[in-house]
Amino acid sequence: MASLAETPVDIIRRTVDINLTGALLVARAAVRTMGRSYGGAGGVIVNVSSAAATLGSPGEYVYYAAAKAGVDTLTFGLAKEVAADGIRVVGVAPGLVRTDIHASAGGAGRLDRLGPTVPLGRPGEPGEIAEAIAWLADDAASYVTGTTLRVSGGR
């Protein structure tokens, strides 16, 4: 976790490759597997974004936020591209969530520091994000496409 100017180029490239290029390649493979024009039965692609995409994460990881903003754009654009092929494309944008991503990025105390600033007063739990993803993938959300659901406790 550092400013963009202080972040090594290899960390920026790795972050963008994992978070944006990875999402693009997985979506491409999913369309080729699920798309009716490719012999598939249709389906749902659920992209995982981040609240950082709209918050920008200045002084921490702007490059990660930029990659996740790209995932949001992928979700919006691809949904229009593949709707007629029987595929819905949706996203979920978690906020602060109790995982090890913060500690592994050098911000071990980040959840304790920022958790109280979330309008709901705490970080989220991984299961809360999983429930949102499950709903988006379910037929109960059959009219939802081209959007990213923010699951961030109001942050």
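Bear in mind these aren't lab numbers, they're just calculated from the coordinates by the rules spelled out. Not measured: the values here are computed from a predicted model. Cβ: placed from backbone, ideal geometry, glycine included. Neighbour counts: every protein chain shown.
Full-extension gain between Ala83 and Ala5, please, as 0.36 nm times their residue separation minus the C-alpha to C-alpha distance.
Values: separation 78, 0.36 × 78 = 28.08 nm, distance 4.00 nm.
Once the chain is fully extended between Ala83 and Ala5, it gains 24.1 nm.
Could you state the per residue volume, in Å³, of the convex hull enclosing the Cα atoms of the chain?
106 Å³
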I need the Debye-formula profile for segment 1-46: one equal scatterer per C-alpha, no solvent, reported as log10 I(q)/I(0) at q = 0.27, 0.30, 0.31 1/Å, two decimals. -0.90, -0.99, -1.02
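Tell me which DSSP H helices of the chain clear both cut-offs, 27 Å or more of axial length from alpha-carbon atoms and a mean Kyte-Doolittle hydropathy of at least -1.0. Display every interim value, and only then the final one.
On the way: long enough: 62-82 (30 Å, 0.59).
Span-like helices here: 62-82.
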For the residues Met1, Met34, what sequence is obtained by ranking on other C-beta atoms within 10 Å, fewest first? Met1, Met34
Given labels modelled 7 Å from the Cα in the Cβ direction, how far is it in nm from Arg122 to Ala137? 2.5 nm
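Counting alpha carbon pairs within less than 8 Å and at least 6 residues apart, what relative contact order, in whole percent, applies to the chain?
Details: 254 pairs, mean separation 40.6, N = 155.
Reported as a whole number, the value is 26 percent.
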Using a Förster distance of 35 Å, the FRET efficiency for Arg113-Leu24 (Cβ separation, nearest 0.05): 0.60
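I need the calculated FRET efficiency for the pair Ala105 and Tyr38, taking r as the beta carbon distance and R₀ as 41 Å, to the nearest 0.05. Walk me through the intermediate numbers first.
Numbers: r = 38 Å, r/R0 = 0.92.
So, using R0 = 41 Å, E works out to roughly 0.65.
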Stokes-Einstein D (µm²/s) once Rh is taken as the Kirkwood radius of segment 55-103 over alpha-carbon pairs, at 25 °C in 0.890 mPa s: 194 µm²/s
